[in-house]
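What follows draws every value from the coordinates through simple rules; no lab data is involved. Given the structure is predicted, the values throughout are model-derived calculations rather than measurements. Using ideal geometry, Cβ is built from the backbone for each residue, glycine included, and neighbour counts are taken over all protein chains shown.
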Amino acid sequence: MDIIRRESPSPTVLSPPPESFFVFVVGNCEEWPEDRAEQGDEALYRAYLAQGVPEEQCVYIRDGACTLENCQTRLETFLELSSRTLQGGREETDDGDGHPSTLVFYYGGDGKA
């Protein structure tokens, strides 16, 4: 049997520059606070920051702050910010180096709030 090996794509194909990411994380998960830092919403948020996504391009709303009104207001403000950031002398669809911008929206929870 022949084994076919494929070359791994370059990291820039898999991981556009962190400056091209806009991350919005909502975590309404009070039932399991001990696991959040390792595998939940908090871990996701921290991972993007650790990879170099600018803090002003990341939003994290958790638990009691996860009301519909607050999430909608913060998302609208965040989308306006991301739009202004992208239009600041660059094409709307890329980060200035030809990398498309990426919006990450994550919601974890039961929707009770």
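So here's what we get for this one:
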| item | result |
| --- | --- |
| Sole residue being buried (at least 19 other Cβ atoms within 10 Å of the Cβ) and of a type in the set (D, E), chosen from D63, D41 | D41 |
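Each row is one residue, and each column tells you yes or no for (1) closer than 16 Å to G109 by Cα; (2) in contact with a Lys or Arg (Cβ under 6 Å, 6 or more places away or on another chain).
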{"site": "P16", "(1), (2)": "no, no"}
{"site": "S20", "(1), (2)": "no, no"}
{"site": "F24", "(1), (2)": "yes, no"}
{"site": "E42", "(1), (2)": "yes, yes"}
{"site": "R62", "(1), (2)": "yes, no"}
{"site": "L75", "(1), (2)": "no, no"}
